[in-house]
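Heads up: the structure comes next, in structure tokens.
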Amino acid sequence: MKMQITLTVNGDKYELLVSPLSKLVDVLREELGITGTKKGCGEGECGACTVIMDGQPVSSCLVLAPQADGKSILTIEGLESRDGILDPIQESFMKKGAIQCGYCSPGMILTAKALLLVNEHPSEDEIRNAISGNLCRCTGYQKIVDAVLDVTEKE
Ligand code: FES
Ligand code: FES
């Protein structure tokens, strides 16, 4: 049996009928067509599916759709302003070469953004700790850390 939930995604409100066992990542990608959120392991191990839910970074493959009822979700699409201006953290990832294949990037950027929302000037250790659940096979992580540090130096 399906149930009705309400989600606010990137400022837009959606009312949906979902299976109680459906996962937030699948609702975003398949029901809403918001595909910037990537699905990697599907088991909470890689961080590719990270979104910000009510201010907290969460693995959207571990969130059942009913658990997201009434919540406000920020995906990578919502970081960019409505007139197409990238968030400073997105700019910094590009400038520092912190994006290679890009598969980890939406989740990595949102994890970094969630950290910066609560800590404007994180140390390198705090950044590494925050992104420890996000796997990247390409960059070796240093460029990602440098990108986050670079944003904090401008604020
Ligand atoms: S797809 Fe969710 S943590 Fe890997
Ligand atoms: S840029 Fe390829 S997995 Fe991170």
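The values are calculated or read from the model by the stated rules, or taken from the named source; none is laboratory data. Just so it is clear, the structure is predicted and the values come from calculations on it, not from any experiment. Note that each Cβ is placed from the backbone with ideal geometry, even for glycine, and that neighbours are counted across all protein chains shown.
Here are the numbers for the structure shown:
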read-out: Any chance Asp69 is over 13 Å from the mean Cα position of the chain (by Cα) and either in the same structural domain as Glu31 (by TED's automatic domain parsing) or surrounded by 13 or more Cβ atoms within 10 Å (Cβ to Cβ) (or both); value: yes
read-out: Considering residues of the stretch 85-105 that are assigned to a loop (DSSP other than H, G, I, E, B) and small (Gly, Ala, Ser) only, the residue farthest from ligand 2 (Cβ to nearest atom); value: Gly97
read-out: Contacts under 7 angstrom Cβ, first residue in the stretch 139-150 being hydroxyl-bearing (Ser, Thr, Tyr), partner surrounded by fewer than 18 Cβ atoms within 10 Å (Cβ to Cβ) and in a loop (DSSP other than H, G, I, E, B), 6 or more apart; value: Thr139/Gln100
read-out: In the stretch 38-58, residue nearest to ligand 2 (Cβ to nearest atom) [restricted to those that are over 18 Å from Val118 (Cβ atoms) and touching a strand residue (DSSP E or B) at 6+ places or on another chain (Cβ under 6 Å)]; value: Cys49
read-out: Flag if Ala48 is in a helix (DSSP H, G or I), within 16 Å of ligand 1 (Cβ to nearest atom) and under 14 Å from the mean Cα position of the chain (by Cα); value: no
read-out: Qualifying positions in the stretch 42-73 - of a type in the set (Asp, Glu) and closer than 15 Å to Ser22 by Cβ; value: Asp69
read-out: The stretch 23-33 - residue that is touching a residue at least 12 places away in the same chain (Cβ under 8 Å) and surrounded by fewer than 21 Cβ atoms within 10 Å (Cβ to Cβ) and, of those, nearest to the chain's Cα centre (by Cα); value: Asp26
read-out: Which numbered condition Ile89 misses (of (1) closer than 22 Å to Leu135 by Cα; (2) hydrophobic (A, V, I, L, M, F, W, C); (3) within 16 Å of ligand 1 (Cβ to nearest atom); (4) crowded, with 18+ Cβ neighbours inside 10 Å); value: (3)
read-out: Enumeration of residues in the stretch 41-58 that are of a type outside the set (A, V, I, L, M, F, W, C), crowded, with 19+ Cβ neighbours inside 10 Å and farther than 15 Å from Ile109 by Cβ; value: none
read-out: Ile131 being touching a Lys or Arg at 6+ places or on another chain (Cβ under 8 Å), assigned to a helix (DSSP H, G or I), of a type in the set (Val, Ile, Thr) and crowded, with 18+ Cβ neighbours inside 10 Å; value: no
read-out: Test: Gly107 is surrounded by fewer than 21 Cβ atoms within 10 Å (Cβ to Cβ) and small (Gly, Ala, Ser); value: no
read-out: Total residues in the stretch 5-44, condition in a strand (DSSP E or B) and within 16 Å of ligand 1 (Cβ to nearest atom); value: 1
